[in-house]
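A short reminder: the numbers here are calculations on the coordinates, not readings from a lab. These numbers were taken from a predicted model, which means no experiment stands behind them. Here Cβ is always computed from backbone atoms with ideal geometry, including for glycine, and neighbour counts include all displayed protein chains.
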Amino acid sequence: MKASRGIATVPALLATAVLGAAAGIGGYTFVYAKGGSYATDDATACANCHVMQSHLDGWRRGPHHAVATCNDCHTPSGPVSKYVVKALNGWHHSSAFTTGDYPDEIQLRPSSRDVVEGQCRKCHADLVAAIDDAEVSCIRCHASVGHLR
């Protein structure tokens, strides 16, 4: 039996309700989690989740706080790649922090380690040019530079 014009069918009403609920919950979560702050270079956004507070505090005590923000080290320089990495990190962080599935000692994922390593080498190119060796990791010897504990 066909629905008459102007009367919504049950599946259409259900789909509308599901989409509306998803948009409402998603919007609320975005505002509650201060989602807009992650589009900025403000380092305090990284501590929106309390588990990152010690990292923010360590950065404030470290030598880079006067010259670099979190994004300078943890995202690539290109505008597209920067926001792709921010989105991927945001997904991983929000999933981990929402579920509580993260280690006590937060570790860089291999892809994040590669980004940080590349940013070290980019900013300090004049220092590493003579000794640059892709096999030697900056982070191996300078692990606490960005986040003093």
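Out of the residues in segment 40-66 meeting the condition of being among the charged types (D, E, K, R) and free of Cβ contacts under 8 Å to residues at least 40 places away in the same chain, tell me which one is farthest from residue 90 (Cα to Cα).
Taking the candidates together, the pick is 60.
State whether one or more residues within segment 88-96 are free of Cβ contacts under 8 Å to residues at least 12 places away in the same chain and aromatic (Phe, Trp, Tyr).
Yes, that holds for at least one residue.
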